[in-house]
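Asker: Right, I'll just put the structure down here and ask away after.
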Amino acid sequence: MTISDILDFNRGFVARKEYEQFRTDRFPDKKMVILTCMDTRLLELLPRAMNLRNGDVKIIKTAGAIVSHPFGSIMRSIMVAVYELGAQEILVVGHHDCGMTGLSCGRILEKARARGISDDVLETLKNSGIDLHRWLVGFDHVKDGVVRSVGVIKQHPLLPGDVVVYGMLIDPGTGQLELVVDGSEKRQT
């Protein structure tokens, strides 16, 4: 599939008014934001396994459902969902068989070099204070990644105390969900 194929399809989609079935506003009906992995197996499976429809929730996708920095773009998106869009619950949903399990920074950097990124660029990044080995990190066990992300979110100084944060795992083959962090306990603020 090419960009031309996508644009050709889109012209027909709009002309046939197929968008009408997806109309909603920007506010999540279920007052929930979900942080999940970008894995292609979850694109349709996760919403169906959770009985979600268009307009029900805000969904944020990132590799491994990882919140790598408390003031990065993922947390900014969560804060916007809470303060501007009325989200009252946050779900971090990781999945079994995740590609971030055992992620090797060294392997990624070798692939980057093979695609033309020079050692000079990597050295410049290092000299600029960027620790690629800390940045390009996953987790040993997917549950640990979910627990860690939930912790970063729950401990954020700008997250109000009445927002609950849950951690879940989904099986990318069956859609079965497992609660691994019960957010119903109130946080200390």
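The values are calculated or read from the model by the stated rules, or taken from the named source; none is laboratory data. Keep in mind the model is a prediction, meaning the values are calculated, not measured. Don't worry about glycine lacking a Cβ; one is built from the backbone with ideal geometry, like all the others, and counts go over all protein chains shown. Just the protein is used for accessible areas: all its heavy atoms, side chains included, with ligands, DNA and RNA removed. Shrake-Rupley method; radii C 1.70, N 1.55, O 1.52, S 1.80 Å.
Asker: Would you mind listing the helices (runs of 4 or more DSSP H) fully within the range 95-162 where at least 1 residues are open to solvent by less than 90 Å² (accessible area, probe 1.4 Å), touching a residue at least 40 places away in the same chain (Cβ under 8 Å) and small (Gly, Ala, Ser)?
Answerer: Filter on the range 95-162 gives 142-154.
Asker: May I pose another question? If I filter the range 47-65 down to residues being hydrophobic (A, V, I, L, M, F, W, C) and in contact with a Ser or Thr (Cβ under 6 Å, 6 or more places away or on another chain), which single residue comes out as nearest to residue 176 (Cα to Cα)?
Answerer: If we take residues in the range 47-65 being hydrophobic (A, V, I, L, M, F, W, C) and in contact with a Ser or Thr (Cβ under 6 Å, 6 or more places away or on another chain), then 65 is nearest to residue 176 (Cα to Cα).
Asker: From the list 35, 43, which one is open to solvent by less than 30 Å² (accessible area, probe 1.4 Å) and either of a type in the set (A, V, I, L, M) or touching a residue at least 24 places away in the same chain (Cβ under 8 Å) (or both)?
Answerer: Just one listed residue meets the conditions, 35.
Asker: How about the range 51-76: which of its residues are buried (at least 18 other Cβ atoms within 10 Å of the Cβ), among the hydrophobic types (A, V, I, L, M, F, W, C) and not in a helix (DSSP H, G or I)?
Answerer: Selection gives 57, 59, 60, 66, 67.
Asker: Report yes if residue 6 is free of Cβ contacts under 8 Å to residues at least 12 places away in the same chain and hydrophobic (A, V, I, L, M, F, W, C), otherwise no.
Answerer: Considered against the rule, which asks whether it is free of Cβ contacts under 8 Å to residues at least 12 places away in the same chain and hydrophobic (A, V, I, L, M, F, W, C), residue 6 comes out as yes.
Asker: Do we find that residue 121 is over 19 Å from the mean Cα position of the chain (by Cα), at pLDDT 95 or above and aliphatic (A, V, I, L, M) in this structure?
Answerer: yes
Asker: Please specify each residue of the range 56-66 satisfying the condition of being more than 17 Å from residue 160 (Cβ to Cβ) and either within 12 Å of the chain's Cα centre (by Cα) or at pLDDT below 95 (or both).
Answerer: Result: 59, 60, 61, 62, 63, 64, 65, 66.
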